[in-house]
Amino acid sequence: MPSSPFLATGPSTTRVRDRRADLLVTLAALALAFWVTSGMWRDPNSRAITVNSSDQALFEWLLAFGGHALTHGENPLYTTLINVPDGVNLAVNTSITVYAAVFAPLTYLIGPPATFLVILTLNLAATAVAWYWLLSRYLVRSRLAAGVGALFIAFCPAMVSHANAHLNWTAGWLVPLLIWGVFRLRRPGRAVTGGIVLGLLVAAAFSIAAEGLFFTALALGVFLAVWALHPARWPEVRAALPRMAAGLGVTALVAGALLAYPLWLHFLGPQRFHGTGFDPLIHSEDIAAYGSYPRRSLAGWAGWGTSLAPNPTEENSFFGVPLLVLGLACFALLWWRADRAFRATLAALGVTAVVFAVLSWGPTVKWNGRRFDQTLPFGVLDNLPVINAALPSRLALVVAPVIGLLLAYAIDSLRARPPRRAVGVAWALGFVAALLPLVPTPLLTSVREPIPAFITSGAWQRYVPPDGVLTPLPLTVDVYPDGQRWQAYALAHRQGEFRIPAGFFLGPGGPEGRGRIGPVPRTFDSLMDQAGRTGLVPIITDGSIRESRADLRHWGVRAVVLPDRVHGAKYDVDEDALRRTATALLGEPERVEDVWLWRVPD
């Protein structure tokens, strides 16, 4: 059994077999990634992820805007293209600036929806490959062990759940690279080069998944604290500490230089906020969810899935009882077989898993859908800066890699010292019983409303001056993502810029100085939301007409546009009620291409 949590194995005597195993794992990762996203590949431009089309539209917009900002010399972290006139601070949102820049040529070539799908698929496959590389090259000697551990981590319930449109959280390939970068600093002569590489990785991770970077840093901090304090590790730690400190200093300088402006914008810039726009009570993990099965899995397909998550995108644990039992059995086997030094690694892994599992339960206890009054550790930490911006349920994402490591270490140990035949068969059956129900099924997808010809043909340019403001009905927010989809199309097809009021973003305006999703509602957008959501025309008075027209002047809107079909991310939208409400407020519309249009005087 390896005695170090991060040591290189010796040269293999079966290189051909190892390369074949590397290829098989890579092909398996690609096949599973395409399988999970298969519903989108039929037609990326017309299909959307059913349970989270709003986030999909947001990431498509971020890709289009990021590429546009890069090619036009604009600020990629702050924009007034949405939420006019105030603008949006993208540094406190998920800006994915690195992805937007790297994939800008592809976005211009095939469009934001197809580019979004390419990145999502590559994220899942790359996560498996990166973990396999870390495991097979540094942690275990068995390629089978590395493959099982890596594929589980990359396609565990949480990753498949976040594949419902989260380009940030599915970028799990960053985590093994960050782990490698940190432990690489222990080597003599790596302080400068290692610190530079780790600094670049930190800067990239902050851009793609800042919350994930924060969780990775916390998890590494807990792991290293427990591991370093173990008596068997202290001499090694004492010898490596100066090199680690020097390397981390270089990392801080490099990452600090690259992230100085994004961090200033995040904490001190305009349109910033404190905390988050989400309720930590709602977004906390149900304790019973750890032993339950996810919906997008073979178990869920068989009817064993549950709805204990706040939504289908946040099934952050859902391991099932058999896997929890198997994980404990693996831990016991490894502890029994391990030498004193490796037990430090096991203890650190165990403490890390328990700490993050308990924190994921949120401020108070929730069991099987019922909330109790007992205060949990997160309820005490929730008032601390930065932590108060995290969703507690997502802390469970740290537990899956720990389980994957235990699975890999256990298989490696069993292959190195095979047990009796009957015991070996029992272990194999245990792995099958625990992992087979968690094999993922494809994401649910559905057809979404097409972008109207009024936008795709460029007809909008006749009614909106350069840099002018256009608004769809209803106004763009998370449940009505059309405006940002239209804008993304215009930017990616080099039609020019039009701005929109509102938008799907996190900004100020929530209770107690916290953030909220979208801007604070005004009269005009509230009336439109009511009409589209309920199908009933609100009572229109002279006062509401004056206030609505004052709202349009505040935003500088020149054209109000209603397509024949509006995409509702959570529910169907009544277009007829929207048209009658807008007519009562603004007068009769004109028909242009395939939309109803109301001109607003300058």
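The values are calculated or read from the model by the stated rules, or taken from the named source; none is laboratory data. Everything quoted here is computed from the prediction, not taken from an experiment. Quick reminder, even Gly has a Cβ in these numbers, built from the backbone with ideal geometry, and neighbours come from all protein chains shown. In case anyone asks, the SASA skips ligands and DNA or RNA and just uses the protein heavy atoms, side chains included. Shrake-Rupley method; radii C 1.70, N 1.55, O 1.52, S 1.80 Å.
Couple of notes before you dig in:
- Figure legend. Inter-residue proximity from segment 417-446: first residues under 30 Å from Arg42 (Cβ atoms), second residues surrounded by 17 or more Cβ atoms within 10 Å (Cβ to Cβ) and among the basic types (Lys, Arg), beta-carbon distance below 6 Å, spacing 6+ or different chains. Indicated pairs: Pro440/Arg296; Thr441/Arg296; Thr445/Arg47.
- Which listed residue is in contact with a Gly (Cβ under 8 Å, 6 or more places away or on another chain) and farther than 28 Å from Asn89 by Cβ, from Val537, Val573, Val595: Val573
- The residues of segment 267-320 that are touching a strand residue (DSSP E or B) at 6+ places or on another chain (Cβ under 9 Å), open to solvent by 60 Å² or more (accessible area, probe 1.4 Å) and in contact (Cβ under 8 Å) with a residue 40 or more places away in the chain, listed by number, are Pro270, Arg272, His274, Phe278, Leu281, Arg296, Leu298, Trp304.
- Pair list, Cβ under 9 Å, 6 or more apart: segment 240-253 residue within 13 Å of Arg184 (Cα to Cα), other residue among the small types (Gly, Ala, Ser) and open to solvent by 60 Å² or more (accessible area, probe 1.4 Å): Arg243/Gly189
- Check on Trp227, among the aromatic types (Phe, Trp, Tyr), at pLDDT below 95, over 26 Å from the mean Cα position of the chain (by Cα) and crowded, with 19+ Cβ neighbours inside 10 Å: yes
- Just one of (1) closer than 26 Å to Ser46 by Cβ; (2) free of Cβ contacts under 8 Å to residues at least 24 places away in the same chain; (3) open to solvent by less than 40 Å² (accessible area, probe 1.4 Å) fails for Leu109. It is (3).
- Among residues of segment 538-588 being β-branched (Val, Ile, Thr) and in a loop (DSSP other than H, G, I, E, B), the one that is nearest to Asp482 (Cα to Cα) is Val566.
- Residue in segment 445-468 that is farther than 30 Å from Val592 by Cβ and under 28 Å from the mean Cα position of the chain (by Cα) present: yes
- Residues satisfying the stated conditions in segment 530-586, i.e. within 38 Å of the chain's Cα centre (by Cα), of a type in the set (Ser, Thr, Tyr) and surrounded by fewer than 18 Cβ atoms within 10 Å (Cβ to Cβ): Thr534, Tyr571
- Any hit, segment 151-165, residues being out of contact with any Gly (no Cβ under 8 Å at 6 or more places or on another chain), at pLDDT 95 or above and open to solvent by 20 Å² or more (accessible area, probe 1.4 Å): yes
- Selection count, segment 512-559, where residues are of a type in the set (D, E, K, R) and touching an Asp or Glu at 6+ places or on another chain (Cβ under 9 Å): 5
- Flag if Asp86 is over 22 Å from Leu443 (Cα atoms) and open to solvent by 50 Å² or more (accessible area, probe 1.4 Å): yes
- Single residue of segment 502-521 satisfying the filter (hydrophobic (A, V, I, L, M, F, W, C) and farther than 19 Å from Ile96 by Cβ) that is least open to solvent (accessible area, probe 1.4 Å): Ala502
- Cβ-Cβ distances below 6 Å connect no pair with a first residue in segment 44-61 that is over 23 Å from Ala101 (Cα atoms), a second residue that is open to solvent by 10 Å² or more (accessible area, probe 1.4 Å) and in a helix (DSSP H, G or I), and a separation of six or more residues or different chains.
- Taken over segment 456-501, the residue count meeting the criterion of being open to solvent by 10 Å² or more (accessible area, probe 1.4 Å), under 19 Å from Ala582 (Cα atoms) and in contact with a Leu (Cβ under 7 Å, 6 or more places away or on another chain) is 1.
- Considering (1) surrounded by 18 or more Cβ atoms within 10 Å (Cβ to Cβ); (2) at pLDDT below 95; (3) over 26 Å from the mean Cα position of the chain (by Cα), the lone condition that Pro242 does not fulfil carries the number (1).
- In the set (1) outside any loop (DSSP other than H, G, I, E, B); (2) of a type in the set (D, E, K, R); (3) within 30 Å of Val365 (Cα to Cα), the condition left unmet by Arg238 is number (3).
- Filter result for the condition that a residue is in a helix (DSSP H, G or I) and under 18 Å from the mean Cα position of the chain (by Cα), over Phe59, Phe65: Phe59
- Qualifying residue in segment 274-289 (condition: in a helix (DSSP H, G or I) and not β-branched (Val, Ile, Thr)): yes
- Residue within segment 30-38 that is within 19 Å of Ala490 (Cα to Cα) and polar (S, T, N, Q) present: no
- Among residues that are part of a helix (DSSP H, G or I), among the acidic types (Asp, Glu), over 24 Å from Ala165 (Cα atoms) and at pLDDT below 95, Glu497 is not included.
- Verdict on Leu414 being more than 31 Å from the chain's Cα centre (by Cα) and within 26 Å of Ala357 (Cβ to Cβ): yes
- Test result for Ser95, open to solvent by less than 30 Å² (accessible area, probe 1.4 Å) and assigned to a loop (DSSP other than H, G, I, E, B): yes
- Count of segment 587-600 residues which are open to solvent by 40 Å² or more (accessible area, probe 1.4 Å) and either under 38 Å from the mean Cα position of the chain (by Cα) or under 22 Å from Val84 (Cβ atoms) (or both): 4
- Test: residue in segment 413-427 that is out of contact with any Lys or Arg (no Cβ under 8 Å at 6 or more places or on another chain), open to solvent by less than 30 Å² (accessible area, probe 1.4 Å) and under 23 Å from Tyr290 (Cα atoms): no
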